[in-house]
Each structure stands twice: as structure tokens, then as C-alpha cells.
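Read-outs throughout are calculated quantities, based only on the coordinates presented, and are distinct from any laboratory measurement. What you see is a predicted model; the values in this text were computed from it and never measured. In this analysis, Cβ positions are derived from the backbone assuming ideal geometry, glycine residues included, and neighbour counts consider all displayed protein chains.
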Ligand code: UDP
């Protein structure tokens, strides 16, 4: 049972983040008001974690949004039912019909499987859903005459990069079928640009994390493999979170990652699609903050924010984990004027707020 009364333990950062989000949104609205054309955008995977946050931001900024999701990994509760079309990416003609019917101007394509470990066990599922599914979507776009797409790519296209921070010019060197599937789609997009003038922006995400500050949308993967939700699970269950390796060549021996707040990530998609509307060229961009944190630093930040001791144990390295992955986001900043508004503290605070709300909803 939930209550509308302010609960005595309601954290002050809920109010703080709501105000902050309102300020950021207002600023963005003011600077973009003149340009908002009410374009019609189709979001695939719009019931997932990053997709649904982007749908929320797109609608706030005046876009007409249609969502396609087969709900195999996304959640119905993340999407307004009026927007949702339960269609599989393999259904080329159905997608083409929808693109025409809704007079779609551009597509933002999130729908994909995302677990590196799973891709090492069932690569066929990753090539089928991520690569064949994307090809079906691109084919539908050609049938419907839609020539703009923003594609959800990943830092996994770089594999174990030699230079940190990573620039977009680093070579493709994926070390998993997941990373390879994203490389394959980026390459397809290159050919579709050249042959069909289908313009695309590929956004290579670093570690997407955090929740929308109102606490409605956050990380809910099943099975969960990501560090921050697993830290909260350790608080709830008392079962230690595992640190995979303390023998890396980093300051404290644990892996370093570039954690990027999901709303900053969502905003990058909006700027990217707007660049395509303005006639911008195709390209690929890193989306990260340029600042890295170790696993132990994330655990300490979570202890400070939650006020709880986090139990952890130490195990050997997880297969395929590079020691350090930090983006050079210069290109994204200089091309789109993008900047991140949330740091690690904000990421952990918003994610914790989401956890508390979920817990309350379960009571
Ligand atoms: N990690 C960890 N324990 C866990 C999950 C993750 O030590 O239970 C580490 C992982 O080795 C990596 C970092 O936390 O260095 C972030 O991992 P995550 O799975 O969240 O994202 P990834 O970097 O794999 O995309």
C-alpha cells in the first residue's frame, strides 16, 4: 500500500533532483523552443531502460513519439499504452506500414539484446535480434522512405582499447558477439548512407546508469549484471556484491568505467536526431563523461549516499572485462553542444531513489 503523505524517511534529494530536473528541462526547452518542429519519431525498444527515458524526454520537448517494442526485455509499465506497438523487429512489412501510417520523420533504434556474457553463450540470438533485426528495420525504413536514424551503439565496439581516453578513431576490435553485432550494424549504416542516402548517427554508450530523478524509470534487467543495481541488491539481501578482480593495473586494482547518467544519454539522442533534421552528416560518437571511477569508488559512493555498509567479496576477473574504459567525449560536445549534467553522486542518488520507490511499491 502506498500513501500520498510525505513519509518521514523520504530523502531530501527527491525534492532536490526534481527541482534540478525542472531547471535543466526548462533551460533546454528555452534554448530549443524555436526549433521544435513537432516531428514524428519512432523509438524501437522504447519500453527498455534507456529507450523509455528518451521517450519521456522527447515528449517533454514536444515530439510526437511512437514506440515499437516486443516486450521481450522491456517493460509495459515504462510506456504510455497509447504509444506502444508490440511489433518484433523481424516484421519488416508491419514496421513499414507503421512508419507510413504515423508519418515518421526519423527513427531512434534501441531495440537489442545487451548482455555481453549472454552473447558469449548464445551468439545466434545476438546476430539474429541485433543484426538481422536492424536490417529488417532499415529495409522497412527504405520501403517507407524514412531516411534518418539514431542508433544505439556501444563502447564494446572498441574491445580492449590501447589508448585511454578512447577516441572514435580507435579501431573496431570487439571481443564479444554483442560488440560484434553493434559493429556489423554500424558498418551496414555506412553502406546505407553511401547507397541510399540514409543518414545515421551511432551513439557509442559507455556505462549507462542512474534513474530518472522522479524515480519512475531505472535499471531493471533480468538477470541483473550491472554494478550499481547489484550493490543495492547487496544492501537489501545482505548477500555480498562480488568485485570481479582487484589485480588490475589501476590505482586501487579494480576496473575503471565511465558512468553516464541515463538522462544525459537520452539528451544525446535528441541532439543527434535534431542534427539529422538540420541536414547533418552521418557519424559515430562516444557518449561518456570523460571521467572514470573504479568499482571500489562506486561502492564507497553508494555507502555515502545510502548510509549503509555494502558487503562485498572479491573474486577473480570477469572474462572480457577491460581494465579501464573512459570516453573522450570531445567530438559529441563540439558537434552537438552536448554536455553531461549528472556526476557519479547524482547517478547513485537517483538510482537509490528508484530502488526505494520500487521497494515501497512492493509493500
Ligand atoms: N562489476 C563487479 N561486480 C559485479 C558487476 C560488475 O565488479 O557484480 C564490475 C565489472 O567488472 C566492471 C564494472 O563493475 O568493471 C561495471 O560493470 P557492469 O556490468 O555494470 O558494466 P560493463 O562495464 O560490463 O558494461
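Summary table below
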item: Cα-only Debye scattering, region 207-363: base-10 log of I(q)/I(0) at q = 0.13 Å⁻¹; result: -0.66
item: Estimated D of region 50-158 in µm² per second, where Rh is the Kirkwood radius over Cα pairs and Stokes-Einstein applies at 37 °C, 0.692 mPa s; result: 223 µm²/s
item: Choice from 78, 286, 53 with maximal GNM fluctuation in the chain (Cα, 10 Å cutoff); result: 78
item: Largest-first ellipsoid semi-axes for region 108-171, taking √(5λ) over the Cα gyration tensor eigenvalues, angstrom; result: 25, 18, 8
item: Label-point separation in nm, residue 59 to residue 77, each point 7 Å along Cα→Cβ; result: 1.6 nm
item: Helix axis angle, 262-277 relative to the chain longest principal axis, alpha carbon, degrees; result: 20 degrees
item: Using alpha-carbon coordinates, inclination of helix 295-306 to the longest axis of the chain, degrees; result: 70 degrees
item: Calculated P(r) tail over 23 Å for region 182-278, as whole % of Cα pairs; result: 49 percent
item: Stokes-Einstein D in µm²/s, Kirkwood radius over Cα pairs - region 12-362 at 20 °C with 1.002 mPa s viscosity; result: 104 µm²/s
item: Principal-axis tilt of helix 133-144 within the chain, Cα atoms, nearest 10 degrees; result: 40 degrees
item: Normalised contact order of region 12-362, rounded percent, pairs of Cα under 8 Å and 6 or more residues apart; result: 18 percent
item: Estimated distance in nm for a label pair at residue 339 and residue 100, the labels positioned 7 Å out from Cα along Cα-to-Cβ; result: 4.6 nm
item: Highest-fluctuation residue, 351, 272, 214 considered, GNM on the chain with Cα pairs under 10 Å; result: 214
item: Length released on extending from residue 303 to residue 317, taking residue separation times 0.36 nm less the Cα-Cα span; result: 2.7 nm
item: Linear extension gain, residue 132 paired with residue 310, 0.36 nm per residue minus alpha-carbon span; result: 59.9 nm
item: Highest-fluctuation residue, 155, 278, 197 considered, GNM on the chain with Cα pairs under 10 Å; result: 278
